[in-house]
Structures are given as structure tokens and as C-alpha cells.
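Below is one structure; the comments refer to it alone.
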Amino acid sequence: MDTAGEYFDDGSSFVPIDPLSINPDSLADFALFERNDTSTDGKYRFRCLLKDSSSIPRQRLLDLLRAWDIVYIHKKQRTKYTEYVRNNLEFILKHDEIDVKKKTDTLIGLSTEVVQEAFQSNFSSHQACHNMVENIQHLIARAIDYISSIASLGGIAELVGHDYETHTHSIKVGWLMAIFINFNQDLFSISTRSAVKEFMIQAAVAGFLHDIGKVKIPKNVINKPGKLNNLEYVIIQSHTAYSTSLLFETKLPRSFMQMILYHHENEDGSGYPRELGGDQIPVLAKVCHIIDVFDALTSRRPYKPAKSPFEALKIMAGDNPYLEKLQKFETEARENKRVPVTAIVRDDYEAKLRRLREKEMLEEEAQKRVEARMRLRDQGMSHCFNKDLLRRFILTINSSDSFDLSGLL
Ligand SMILES: [Fe+2]
């Protein structure tokens, strides 16, 4: 597309960008505009500052980029700009003058694209699967120094309290996995720096994809605005097996496949899919479980507000005075499972689901019981997590000024 030197526009055809995100050493093949802030008839004057960066000396470009507070690109050149940001991600994340919020937005934007692609892919061939995992690996490898640093925790803190969405949730889980490993390397007996880096990359990839199995869960269950009834709760539980199965042919190491499969197992054996407890649960899965629940509790749901990190961790570390009652509800939900899970994964899905619904208790009654279970769960969840790992997680995120968790330690 060829851009004109001047436009009169209500602003909807232009996107603001940070001039510091332009790398003076890399050719920007899109035009930059400035906006005149006085509007006539609701239209602003957008004047072209630079058609592309090929015709200007490096130092001159650097001076200009520093002098401009904000510049605009034309929407028609957005794809070029996104491609440019993707290719210059390391430059942006290492730039001292770009603030954490902008770095986070950039990273979340690019990560959302690859994760969304993964969630939309139909897993029709091994090759498609490989490509999807490779795209994610490639992106994370370029961002790993930033996403495993304490500085980036400020970015995570900015995202606390947002709406729960599977994509952003998965990105945050991957991100926090990398940070946790970086600060608790003694747990994982890896000797060289390059091996640690590789391990963090794989952990972040596994975090990005830990819930990918949800693509196989009916949309009306996944997107249900209210709480899930027992049957739906059980259907959702099959996502861990689906995630592992979809990623089975990829090169994700076995330990990370186990992390994905067991990220809902509880320390006391009350989790799923295998009701493993204590030492039977791999350490990576235990860490992923802590991070998964932390992010879920600190995100806003249609039926409940987000908790602050302090409140969430207090619940996660607290003993539940109603544990016996809670376990009764959990057992009830699990007992429903014995029939459904095997039936659901076989063919003739709709017919089996109908039959299962007939067996299900009355919707209203089931809903009440689920609500009671959720209320009880929020009274304390220490039985779900390994105490030492939870403490390490609190210490890890508390090392950033963005979280004040001192009262918990
Ligand atoms: Fe999950």
C-alpha cells in the first residue's frame, strides 16, 4: 500500500504506537504519522512524518524517535507493523526506556495471536501440530529473558483482576511457570544456564498449552456464563486428557506432558484425572496447579468478582474448616464421573449425553449443590497444594514490588 502525505480522518483509520518500539537497526517498511490535536468537523489532520526508515541515517532516526511522544500508523499497514514487532520483540523487551505496561501489552498481543491460532487449529495433521508448537516455542524463546525476570511480574500484576479468558489465562500460566523455575532452580537439578533457559522455554510452552484440550469440550459448556452443574463439571474435567492427547505427537518432553495431564491433581488425592496424591504428583504439575488456581482466583468471572493476590493466596494457604463436608460434595461429583468420562470420549456423543442428562439430578438441585461446593472451597484450599511449593510461589512473586504479600509469610 502506498500512503499519502496527509489525511483528514476521525482517528478510526489510525493506530497509536510507541516510537521507542521502532528499532533503528531494522528497516521499518511502514509510514509514521503525527496527529494534529485540533479537530475540524470531528476530523483530525494526520501528517506523514516518515514514509519508511530506509532513506534516513540511523542517528537522525534515533533522534527523531526519541523526540516523538506518540506516533500513528495507518490501519492498512497494521499487518506490516505487527510483523515488524514480532521480528523485533527482543529489542522491545530489552529496551530500558519502554515501560513494563507497554512491554506486557506487546507480549500479550503477540502471544494471544499464537495461542488463539493453537486454539483454532483443528489438529488435522502431525505437521499442523508441530508447526503450532514450534510457533509458540519460537515466540517464547525470544521473550524468555524478559518473561522469566522479576521485572516482568509488574506486567502480570497489571493483568490481575481482568476477565477470565482461556487465552490470557494460558499465557499467564506459562509466564509464571518460567518465573517460578528461574527463582527455584534448586528444585529441578539442572546445571548449565543454557539448560535452565531451555527448561524455562519448555515450561512456558506447556503453560501456554496446558488447557488446549478445552477445544474438544462443547462450547456451551466452556462458555457457560453461570456455574457448572455436576455433569458439566465432569465434562470439563476431561480437558486434561484431551490436552495430552492433542500434544502427544509433538516434541514436548514427557515431564511437561505429565505437568499438563496432572495439573488438576490435589495434594490430598481429591483432584483429577487420577486422584493422585502427595509424591505421586510430579513437581511440575504441582507448580502448574498452584499457578493455575492463583490466576483463576485473581481473574473476574461472570458470576464472581476477582480476588486480590493477597486474598487468593490466603485462601490457597488456609486450612478448610469444612473439609469433610467439601469432600462429600467432591465425592458426589466424582461418583457421577465414573459413567460419563468413558462414555463421553466414545462416539455417538449426543445420544450418550442425553442419556446422562436423564440420570443427572434435577438441574436446580445440582446447581445449588455446586454453589455450596464452591462456597465451601473458598473457605480454604491448603489440602489441594504442596505447602513448600506454595510458600516458594508466594516468595517468588513477593520479590516484585508489584505484589505486597508480606502478611502471608
Ligand atoms: Fe486446566
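Would it be correct to say that residue 266 is crowded, with 19+ Cβ neighbours inside 10 Å and within 16 Å of the ligand (Cβ to nearest atom)? Taking the combined requirement at face value, the residue satisfies it.
Return the residues of region 153-169 that are assigned to a loop (DSSP other than H, G, I, E, B) and not aromatic (Phe, Trp, Tyr); say none if nothing qualifies. Quick ask: steps written out before the conclusion?
Filtering region 153-169 for residues assigned to a loop (DSSP other than H, G, I, E, B) gives 160-162, 164-165.
Hits for region 153-169 are 160, 161, 162, 165.
Looking only at helices (runs of 4 or more DSSP H) that fall completely inside region 333-409, which ones have 2 or more residues that are at pLDDT 65 or above, farther than 22 Å from residue 281 by Cα and not aromatic (Phe, Trp, Tyr)?
Helices (runs of 4 or more DSSP H) meeting the threshold: 349-359, 363-377, 387-398.
For residues in region 178-195 being touching a Ser or Thr at 6+ places or on another chain (Cβ under 9 Å) and not aromatic (Phe, Trp, Tyr), which is surrounded by the fewest Cβ atoms within 10 Å (Cβ to Cβ)? Applying the filter and picking the extreme gives 184.
For region 51-71, the condition of being without any contact (Cβ under 8 Å) to a residue 40 or more places away in the chain and touching a Phe, Trp or Tyr at 6+ places or on another chain (Cβ under 6 Å) holds for none of the residues. Quick one: in region 272-282, which of the residues that are closer than 14 Å to residue 385 by Cα and more than 22 Å from the chain's Cα centre (by Cα) is surrounded by the most Cβ atoms within 10 Å (Cβ to Cβ)? The qualifying residue surrounded by the most Cβ atoms within 10 Å (Cβ to Cβ) is 281. With the structure loaded, tell me whether residue 312 is among the small types (Gly, Ala, Ser), surrounded by 18 or more Cβ atoms within 10 Å (Cβ to Cβ) and modelled with pLDDT under 85 or whether it fails that test. So residue 312 fails the test.
Looking across 9, 69, 41, 37, one residue alone is of a type in the set (Asp, Glu) and under 20 Å from residue 92 (Cβ atoms). It is 69.
Residue 51 falls short of the stated requirement of being modelled with pLDDT under 90, in contact with a Ser or Thr (Cβ under 8 Å, 6 or more places away or on another chain) and under 24 Å from residue 156 (Cα atoms).
If the condition is being surrounded by fewer than 19 Cβ atoms within 10 Å (Cβ to Cβ) and outside any helix (DSSP H, G or I), then region 51-84 contributes 51, 52, 56, 57, 68, 69, 70. Among the residues that make up region 250-261, is at least one of them of a type in the set (Lys, Arg), assigned to a loop (DSSP other than H, G, I, E, B) and in the same structural domain as residue 385 (by TED's automatic domain parsing)? Yes - at least one qualifying residue is present in region 250-261. Could you please let me know if residue 162 is surrounded by fewer than 16 Cβ atoms within 10 Å (Cβ to Cβ) and either at pLDDT 90 or above or at positive phi (or both)? No; evaluated as a whole, the condition is false for this residue. Candidates in region 269-280 are the residues that are outside any helix (DSSP H, G or I) and either touching a Pro at 6+ places or on another chain (Cβ under 6 Å) or away from the ligand (no atom under 14 Å from the Cβ) (or both); of these, the one that is nearest to residue 380 (Cα to Cα) is 270. Look at region 199-226: where a residue is closer than 15 Å to residue 114 by Cβ and among the β-branched types (Val, Ile, Thr) and a partner is away from the ligand (no atom under 16 Å from the Cβ) and assigned to a helix (DSSP H, G or I), sitting 6+ places away or on another chain with Cβ atoms under 6 Å, you get 201/140; 201/141; 201/144; 205/136; 205/137; 205/140.
The values are calculated or read from the model by the stated rules, or taken from the named source; none is laboratory data. Predicted model only: the values in this text are computed from it and were never measured. When we count neighbours, we look across all protein chains shown, and the Cβ atoms used for this are built from the backbone with ideal geometry, even at glycine.
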